[in-house]
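Report on one structure; see the data block that follows.
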Amino acid sequence: MTMPRTLAFCYLSLLWQRETITLSDLLRFVEEGHIPYINAFQHFPEEMKLYGRDKGIFAIESWPTYEDIYKKVIEIAKFLDLPRFPDITEDSYLHPNILCMKYLMEVNLPDEMNDLTCQVVKMTGIGEVDFLTFDPIAKMAKTVKYDVQAVAVIVVVLKLLFLLDDNLEWTLSNIAEKYNEKNKEDKPWFDFRKWYQVMKKSIDEKKQKWEEARAKYLWKSEKPLYHSSIDRAVVYKRREMVVSLQKQFSALVDSAPTVEKKSPSSFQFNWTEGDSARTCFHGHGLQGILKKKGQSLTTKNSLYWLSTQKFCRSYCKHVTTYEESNFSLSYQFIINLFSFLLRIKTSSLHEEVSLIEKILFKRKYGKTKKKSRSRKGRKY
Amino acid sequence: MSDFSEELIRSKTEDDKEESCVFSGTGMSFPWLQKHIGTVETGGKKEKDFAQTTSACLGFIQEALLKHQWQQAADYMHSYFQILEDSDSHKRQAAPEIIWKLGSEILFYHPKSSVETFNTFADRMKNIGVMNYLKISLQHALYLLHHGMLEDANRNLSFHCTYIPHLLYPFIYEDDYAYNTASQNMFDHSWKTSVNLRALIQTPGVWDPFVKSYVEMLEFYGDQDGAREVLTNYAYDEKFPSNPNAHIYLYNFLKREKAPREKLISVLKILYQIVPSHKLMLEFHRLLRKSEKEDHHKLGLEVLFGVLDFAGCTKNITAWKYLAKYLRQTLMGNHLAWVQEEWKTRKNWWPSFHFSSFWAKSDWKEDKALACEKALVAGILLGKGCRYFRFISKQDDQVLRKKIKQIKKSVKKHSVVNPGL
């Protein structure tokens, strides 16, 4: 049993309980220090002496990654021979409808997009109980990456609405801007460009702070770990040296008011109406990008491009790759934004988006066997 | 971006084919390969976040230093110290030097820092390893000098005077420029500091950049005697370690002063003993040749042979020209004995070293003039039957035909080897 495995085990129990916490949240709490992980042994009682092989287990030098813990979750569940987990229904937090809503709020997108995300979820069937519930003994035992999937759905919806080809989204923005200027009293139309500006600024700030925090992170603890009694003296001396040097330099640093350690929160961003500095887009309307078609509305944009043209079927563990330069800047921005939010690799998110599209379009194609050139419309 | 319904049809048919992930236009992309290439440096293991932290931290420190943000630099430095506890021993061993360089820089400029702080820091850093001890001591001394605290600096250095010579050699040459500019700055500031430096130079050791700058300054102020004294002291004082550069500086200075030939010869004689392959040796030979004393002429021959003993000078055409000319001169002056004496120790290995048939072909191809000079020497020393001479004399070259003829004549006349024996 190692620290990563312990963490995976904790996640399994949270999943069993259907707690309102996703794997990315859990890992973020670890990184922020709310969950002891890096120097967990500091909290052990005095009597527990750690040395020798304990060092390999407890002297962690890396933060847990999503992919790694995810793999371990499946391994452990299989190993423990766990039965099918309690159902994840539409009421659970982990259901894509709910998670989509959560993430839409977090990235400051209009609430109206929720309808679209629900539609996509329905069409792809990823909201089904059987699909979502974790069953270790099933042939293809996989637990859904709830958070990544929800975010992928949002990306797909954005692509449906704005195409994200570095062109249409800006044209639509111009239209929205014109309308908003003329009709200042009405509910504003959602302006992609404005949203982009606000989000880019916020995310860049957050990222910068995150990088700085990472660079300053102190990995070693007060009580150093050592292999054997011979090492002990050396290790302790080094620690002493480091502490004395740190003391000297901390005197030079201005005793700036230390930022209060924030209590753990599921949300990394908070947007409120009426804040002039940071526009909140929750209430904005999608009228500018939807148009009437008979009884229902459909998107003005009728085009779409697939994130992956061909899926890989060889032995590599990935089904697709993500080469940034192949994609539009808007798409890259969206992917980077969400990957940072979940602290996952951009390629993982891209893969998930591709998989959703695979299901979405295959199904659509499966229904209409005849080559009817029906355009996909979001029907309300 | 075609109408997506076409895409649908296309993607269905293409999905059936088994193809690896390829993106059009830019060719194949293998992200997993990139990751593996990145791990080669770390011996196959993925870089740990600890290592990422320290390298990111280092980046931030360097950025802060460039922007003169001392506060921020100190803040990051605080976190950087943990690299001393890195489980990677390479990084751990390289750490003290980096920390010293960055830390001393910060402490030098930070408004809140004082000489006290610097001293404490230096003392702490010195306790990490012997090599660092001396390097740091020297830089510490420099810092103190800059602040006019000569006594402390002196005390610092004289305590270590016995260790300094051997260990400082590589160190000084490496930081030459830094010290040059540092010492330059010091001189610009005050005469007093230079007097302090004079005291420093009198301590036995290797102070090349200091001496150079100091002498330059003295010359600038017109104090030739002072300069000469410093240089002579530096070169000849027995307490100082044997240092070829000292003699070179002295020689160059005397040359500038247009000192008498005798003096120059005596300086270079010592250099000859230390570094017989130095490029100044050819100048030395010229001086000896022009002299009137016979021992000097003999020494001149010795010096030439000495230079050509070294692999680095085998293609030096000047050296060979001189030798060829000088051999003729010597033999015409009836000093066969000298030549024989020099040749005695060399006849076993010079032929294959300089005059093999391989060299004959290679030299002729590369530089015909060089080959001719060497042929002359070979002919004189080894006789006209030697491979080198024969090869060159057989060569038919329009330009050098006359020269080759001359060579043949000289060899006939002057050859040391008796064809009869």
Task: Total formal charge among the other residues, if their Cβ is under 11 angstrom from that of A:Arg5, Lys/Arg +1 and Asp/Glu -1 - done: 0
Task: Residue pairs, from the table A:Lys49/A:Lys223; B:Lys315/B:Lys361; B:Lys269/B:Lys298; A:Lys247/B:Lys91; B:Lys290/B:Lys368, whose Cα atoms sit over 19 Å apart - done: A:Lys247/B:Lys91; B:Lys290/B:Lys368
TODO: For chain A, set up a Gaussian network in which alpha carbons nearer than 10 Å are linked by springs, and say which option among A:Tyr331, A:Tyr70, A:Tyr226 fluctuates the most.
DONE: A:Tyr226
TODO: Report P(r) for chain A: all Cα-Cα distances, bin width 20 Å, range 0 to the bin holding the largest distance, values in whole percent.
DONE: 23, 51, 23, 4, 0
Task: B:Lys258-B:Ile98 pseudo-label distance in nm [points 7 Å out on the Cα-to-Cβ vector] - done: 5.7
Task: 10 Å Cβ neighbours from other chains, averaged over peptide B:82-90 - done: 4
Task: Residues listed by number, the range A:2-42, amide nitrogen under 19 Å from A:Asp91 label point at 7 Å toward C-beta - done: A:15-21
Task: Between helix A:23-32 and chain A: long-axis angle, C-alpha atoms, 0 to 90°, nearest 10 - done: 40
- [ ] Pull up the cross-link candidates among the aspartates and glutamates for B:Lys347, meaning alpha carbon to alpha carbon under 15 Å and not fewer than 8 places away within one chain.
- [x] B:Glu302, B:Asp309
TODO: For A:Leu297, enumerate residues with amide H under 5 Å from its amide H, sequence gap 5+ or separate chain, H modeled in the peptide plane.
DONE: A:Tyr380
Task: Note, ³J(HN,Hα) from phi for the range A:151-167, Karplus 6.51, -1.76, 1.60, rounded to Hz, x at Gly and Pro - done: 5, 4, 4, 4, 4, 4, 4, 4, 5, 5, 6, 10, 6, 6, 10, 6, 9
TODO: Take the Cβ-Cβ distance between A:Ile35 and A:Glu222 as r, set R0 to 22 Å, and report the resulting FRET efficiency rounded to the nearest 0.05.
DONE: 0.70
Open item on the list: Per residue of the range A:208-214, what does 6.51 cos²θ - 1.76 cosθ + 1.60 with θ = phi - 60° give for ³J(HN,Hα)? Whole Hz please, x for Gly and Pro, Karplus curve as stated.
Closed with: 4, 4, 5, 5, 5, 4, 5
Open item on the list: Inside 10 Å of the C-beta atoms of B:96-109, what's the mean count of C-beta atoms belonging to other chains?
Closed with: 1
Task: A:Arg53/A:Val234 FRET efficiency (R0 25 Å; Cβ-Cβ; nearest 0.05) - done: 0.85
Open item on the list: Under the rule of at least 5 residues apart or a separate chain, name every residue whose amide H is placed under 5 Å from the amide H of A:Gly285.
Closed with: A:Trp189, A:Phe190
Task: Per-selection metrics, the range B:257-388 (Cα): Rg and Dmax in Å - done: 14.9, 49
Task: Residues with amide H under 5 Å from that of A:Leu290, placed H, sequence gap 5 or more - done: A:Lys300
- [ ] State the three equivalent ellipsoid semi-axes of the range B:263-314, derived from the C-alpha gyration tensor as the square roots of 5 times its eigenvalues, in descending order and whole Å.
- [x] 18, 12, 8
Task: Whole-Hz ³J(HN,Hα) from phi, Karplus 6.51 cos²θ - 1.76 cosθ + 1.60, for the range B:49-65, glycine and proline x - done: 5, 4, 5, 5, 4, 5, 6, 5, 4, 4, x, 5, 4, 4, 4, 4, 5
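FYI, it's all coordinate maths here, none of it is from the lab. No experiment lies behind these values; they were computed from the predicted model shown. In this analysis, Cβ positions are derived from the backbone assuming ideal geometry, glycine residues included, and neighbour counts consider all displayed protein chains.
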